[in-house]
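Written below as structure tokens is the structure these notes are about.
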Amino acid sequence: MPKWPGPVFRWGGAMPWLSFDEQVEKLTSAGLQVDDEAELRSFLSRVNCFRFLGYFRHFQTFPSGGDPFFKDVSFDQIRCVYEADIKLSAVILDALQEIELLLRARFAQYFGADAARARGVFMEEGIFTPSPEGKSQVHECIARDVTRSKERFLNRYFDEASSNEGVPIVEAWRSLPIWAAVEVFSFGTLSRSIEASQKTGVTKQIAESIGVPQSYLPQIIKSFVYLRNRCAHHSRLWNHSVIDNPSLPKKVKIHAQKRREYENRSVYQVLVAIDYFLDRSKLQKKWLEAVVEPILLDEQYSGGICDPQLYLGQ
């Protein structure tokens, strides 16, 4: 569990429920500079204060007594960082939507070209490279996505007579083509399906069609899934250290670092990967320069995107 500043300011844990007015009072008494308390109250009524503390804890210190915020830290200053995160998240989602749709199309095209695996059979063991022990197998993830989907177009492929208890699920979906099934895959399932299709040659075909080396493609896509999930759940990007960071060709990294220095597990490295993919796939040119860089003009914000830091006490 994270540690919060001394007895003067605590949020979470045993902290009691507070009204919006009490939240404002708690923040101002902790030393946050606020020009308009009504505006802060309005903001907190739209943005959960526990969510917002993910940002303002980076502006706090651990005094033995007194003010837990650094001197002269203002609500407007922290809100600017938060609002930049919202803008960055939106443009990331837009770009990754294009990428995901392209990957669905390419996977369906190349995987479905072989009639022996094009229908239903992709939900049975043996088609994909086995996943590590303790992790769900890819064919199981596909079956899960298909069976829980509410898309009506799937009904035409479902054989009720073959769905009796104890009968393998693939029997009920024997006529389902991959080009229909892929439309209900989660991005995570699609990513794993591409990675686990190396022995069939499908991964190589997708990589070659895009212009990205096959050795880099699976991890790049995995990093997209990771970042897309953070954006989709409105999670903080600023000062976040990425778990599934992408591997990139050396020339790509060198070129990117001429613009900005960044750490391997930074959000910026994933942004570089998105820009690289968009360019190689001919979806967009200069996305990073034209769309992302204007959001990173504030030095404090760009620092947390390129070189994520732990807050004090973490």
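The values are calculated or read from the model by the stated rules, or taken from the named source; none is laboratory data. Bear in mind that the values here come from a model prediction, so they are computed numbers and not experimental data. Ideal geometry is used to build each Cβ from the backbone, glycine not excepted, and the neighbour counts take in all protein chains shown.
Listing for the model above:
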item: Condition broken by ILE169, with the remaining ones in (1) within 23 Å of TYR110 (Cα to Cα); (2) surrounded by 15 or more Cβ atoms within 10 Å (Cβ to Cβ); (3) not acidic (Asp, Glu) satisfied; result: (1)
item: Top-ranked residue in segment 99-141 [being over 14 Å from GLU195 (Cα atoms) and among the β-branched types (Val, Ile, Thr); ranked as nearest to the chain's Cα centre (by Cα)]; result: ILE99
item: Residue list for segment 185-198, filter: more than 16 Å from SER215 (Cβ to Cβ), out of contact with any Lys or Arg (no Cβ under 7 Å at 6 or more places or on another chain) and in a helix (DSSP H, G or I); result: GLY188, THR189, ARG192, SER193
item: Of the criteria (1) more than 21 Å from ARG104 (Cβ to Cβ); (2) modelled with pLDDT under 95, which one ASN155 fails; result: (1)
item: Complete set of residues in segment 19-36 that are surrounded by fewer than 15 Cβ atoms within 10 Å (Cβ to Cβ), touching a residue at least 12 places away in the same chain (Cβ under 8 Å) and farther than 16 Å from ASP72 by Cα; result: PHE20, ASP21
item: Of the criteria (1) at pLDDT below 95; (2) touching a Pro at 6+ places or on another chain (Cβ under 7 Å); (3) of a type outside the set (S, T, N, Q), which one GLU125 fails; result: (2)
item: LEU88 being more than 27 Å from the chain's Cα centre (by Cα), in a helix (DSSP H, G or I) and aliphatic (A, V, I, L, M); result: no
item: Selection count where residues are outside any helix (DSSP H, G or I) and small (Gly, Ala, Ser), scope segment 199-209; result: 1
item: Selection count where residues are under 20 Å from ASN245 (Cβ atoms) and not in a helix (DSSP H, G or I), scope segment 298-308; result: 2
item: Candidates GLU125, GLU160, filtered to the one that is over 30 Å from ARG265 (Cβ atoms), touching a His at 6+ places or on another chain (Cβ under 7 Å) and either surrounded by fewer than 16 Cβ atoms within 10 Å (Cβ to Cβ) or without any contact (Cβ under 8 Å) to a residue 12 or more places away in the chain (or both); result: GLU125
